[in-house]
Amino acid sequence: MYSSAPEPGVQSSKHAIPAIDLRSDTVTKPSPEMRRAMFEAEVGDDVYAEDPTINRLEKRAAEIFGREAALFLPSGTMGNQIAIKLHTHHGQEVICEERGHVFNYEMAMMAHFSGVVPRTVWAEDGIVTWEHVKSKLRTKSYHAAKTGLVSLENTHNMAGGTITPPAVFNEVCDNLHAAGLPVHLDGARVFNAAVALGVPVGQLTAKADTVMFCLSKGLGAPVGSLLVGSAELMDRGRIYRKALGGGMRQAGILAAAGLIALEQGPRKLTEDHANARFLAQGLAQVPAIKIDPAKVQTNILICDISGTGLSSSELSCELSRRNVLANGVGPQLIRFVTHLDVSRDQCAQAIEALTSICASNVRYFYRADDK
Ligand code: TLP
């Protein structure tokens with residue numbers, strides 16, 4: 001996360017009542033049903049592929065995505081980095097969007113672990129088209145590194161939860177495949193995209209060679225992500241998962257919650273999306289805040305707060321004094337993420353909190369008619 005964000009846990013511990021936590025959809029707590037399933041889960045050693053609950057989760061994920069196999073992982077970051085390792089050779093380049101998670105928030109692991117460098121493209125709303133990619137591709141040369149992979153993100157987190165239209169995504173994949181190149185999809189929140197579009201997630205992602213998706217974001221599981229793809233790739237992926245320390249042994253207790261998230265989580269996302277739109281509409285009324293509610297497609301909204309005269313860390317601190325948590329994602333950008341554990345009423349309270357900060361802010365210099 002952008003460095004102006006408050007340190008994890010600093011704010012939430014100060015409050016007697018639970019904070020309205022809009023920092024991320026990663027913060028959801030497991031439901032009573034999940035906790036019961038975790039308690040009762042059958043387990044075995046997953047490094048020997050003997051955990052029946054993980055095996056069930058992997059089989060179900062592969063089915064839903066129409067793939068041969070799936071691999072259960074402790075995090076989305078590990079899933080993305082295993083995928084990059086699977087598709088590339090040392091010394092190659094990976095094309096990704098400039099604000100992409102694989103590039104900005106994964107500790108430079110593509111360089112560290114796979115020995116590749118990112119070649120970024122900047123795409124309006126994070127929607128990478130074939131036009132963007134085409135000009136960046138590099139084939140064999142005695143000067144420049146060859147492109148090994150294109151890694152895309154849907155929904156696009158730092159572009160504000162935006163959805164890449166299926167036709168755009170399919171065109172990129174078809175052209176890359178024709179050029180002999182693989183595509184990885186960082187689908188941490190791809191269920192949000194599928195639900196918002198009303199398209200089955202397997203259909204939406206069919207053309208990617210590998211897809212990583214997270215159970216631990218909007219779907220509500222406490223831990224876990226999956227990588228899906230061919231049996232051959234997932235088999236090799238198991239080796240890299242172990243090398244990264246991701247062999248989790250009796251982790252069926254996590255997969256049990258994951259199965260509930262996978263089966264039931266997607267249908268709850270519509271409410272998160274409606275809450276995000278409600279929040280955006282409310283925030284758009286605050287004169288110093290710039291946000292276009294029409295652009296809010298899923299559960300993430302990013303507001304330009306430059307009109308407040310405050311930095312994102314200052315505004316974040318002011319919000320936390322009013323029991324609302326939200327992270328800065330740029331010097332004057334604040335991200336709000338809706339999820340299972342924030343209600344419509346709490347979104348209304350967040351709007352009130354921001355309105356009152358702007359009303360009392362002495363450095364507030366933005367006029368309503370400047371908007
Ligand atoms: N995103 C987190 C932070 O790391 C920024 C968040 O709060 O949004 N891909 C995408 C698109 C993501 O947004 C994230 C997490 C990941 C991958 C990594 O997932 P984890 O946290 O499970 O490693």
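The values are calculated or read from the model by the stated rules, or taken from the named source; none is laboratory data. Model, not experiment: these values are computed from the prediction. All Cβ positions, glycine included, derive from the backbone under ideal geometry; neighbour counts span all protein chains shown. Surface accessibility is based on the protein's heavy atoms, side chains included, excluding ligands, DNA and RNA. Shrake-Rupley method; radii C 1.70, N 1.55, O 1.52, S 1.80 Å.
Picking from residues in the range 313-351 that are among the polar types (S, T, N, Q) and open to solvent by less than 10 Å² (accessible area, probe 1.4 Å), the one that is nearest to the ligand (Cβ to nearest atom) is 338.
Looking at the structure I just gave you, is residue 116 surrounded by 20 or more Cβ atoms within 10 Å (Cβ to Cβ), assigned by TED's automatic domain parsing to the domain that holds residue 149 and not charged (D, E, K, R)?
yes
Across the range 71-88, which residue is farthest from residue 224 (Cα to Cα) among those that are surrounded by fewer than 24 Cβ atoms within 10 Å (Cβ to Cβ) and either hydroxyl-bearing (Ser, Thr, Tyr) or in contact with a Cys (Cβ under 6 Å, 6 or more places away or on another chain) (or both)? Among them, the one singled out is 88.
Listed by first and then second residue, the pairs with beta-carbon distance under 6 Å, at least 6 apart or on different chains, first residue in the range 211-225 and more than 18 Å from residue 273 (Cα to Cα), second open to solvent by 10 Å² or more (accessible area, probe 1.4 Å) and more than 10 Å from the ligand (Cβ to nearest atom), are 222/30; 223/254; 224/254. State whether the residues of the range 203-222 include one that is buried (at least 19 other Cβ atoms within 10 Å of the Cβ) and aromatic (Phe, Trp, Tyr). Yes, the range 203-222 contains a residue that is buried (at least 19 other Cβ atoms within 10 Å of the Cβ) and aromatic (Phe, Trp, Tyr).
Exactly one residue among 103, 113, 169 is in contact with a Cys (Cβ under 7 Å, 6 or more places away or on another chain) and aromatic (Phe, Trp, Tyr), and that residue is 103.
Residue-by-condition table, conditions (1) surrounded by fewer than 20 Cβ atoms within 10 Å (Cβ to Cβ); (2) free of Cβ contacts under 8 Å to residues at least 12 places away in the same chain; (3) touching a Leu at 6+ places or on another chain (Cβ under 6 Å):
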position: 245; (1), (2), (3): yes, yes, no
position: 261; (1), (2), (3): no, no, yes
position: 266; (1), (2), (3): yes, no, no
position: 291; (1), (2), (3): no, no, yes
position: 300; (1), (2), (3): no, no, no
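Looking only at the range 127-139, which residues are assigned to a loop (DSSP other than H, G, I, E, B) and surrounded by 16 or more Cβ atoms within 10 Å (Cβ to Cβ)?
Result: 127, 128, 129, 137.
Taking into account only those residues within the range 134-156 that are among the β-branched types (Val, Ile, Thr) and under 16 Å from residue 88 (Cβ atoms), which is nearest to the chain's Cα centre (by Cα)?
Looking at the filtered set, the residue picked out is 150.
Filtering the range 17-60 to residues that are more than 16 Å from the ligand (Cβ to nearest atom) and among the acidic types (Asp, Glu) leaves 33, 40, 42, 45, 46, 50, 51, 58. Residue 149 meets the conditions (1) within 15 Å of the ligand (Cβ to nearest atom); (2) in contact with a strand residue (DSSP E or B) (Cβ under 9 Å, 6 or more places away or on another chain) in every case but one. The failed one is (1). What about residue 153, is it among the acidic types (Asp, Glu), at pLDDT 95 or above and open to solvent by less than 40 Å² (accessible area, probe 1.4 Å)? Considered against the rule, which asks whether it is among the acidic types (Asp, Glu), at pLDDT 95 or above and open to solvent by less than 40 Å² (accessible area, probe 1.4 Å), residue 153 comes out as yes.
Yes or no, residue by residue, for (1) within 14 Å of the ligand (Cβ to nearest atom); (2) small (Gly, Ala, Ser); (3) under 18 Å from the mean Cα position of the chain (by Cα):
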| site | (1), (2), (3) |
| --- | --- |
| 92 | no, no, no |
| 100 | yes, yes, yes |
| 103 | yes, no, yes |
| 132 | no, no, no |
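The residues of the range 179-193 that are in contact (Cβ under 8 Å) with a residue 40 or more places away in the chain and within 15 Å of the ligand (Cβ to nearest atom), listed by number, are 184, 186, 188, 189, 191, 192, 193. The condition (being at pLDDT below 95 and more than 16 Å from the ligand (Cβ to nearest atom)) is satisfied by just one residue among 274, 288: 288.
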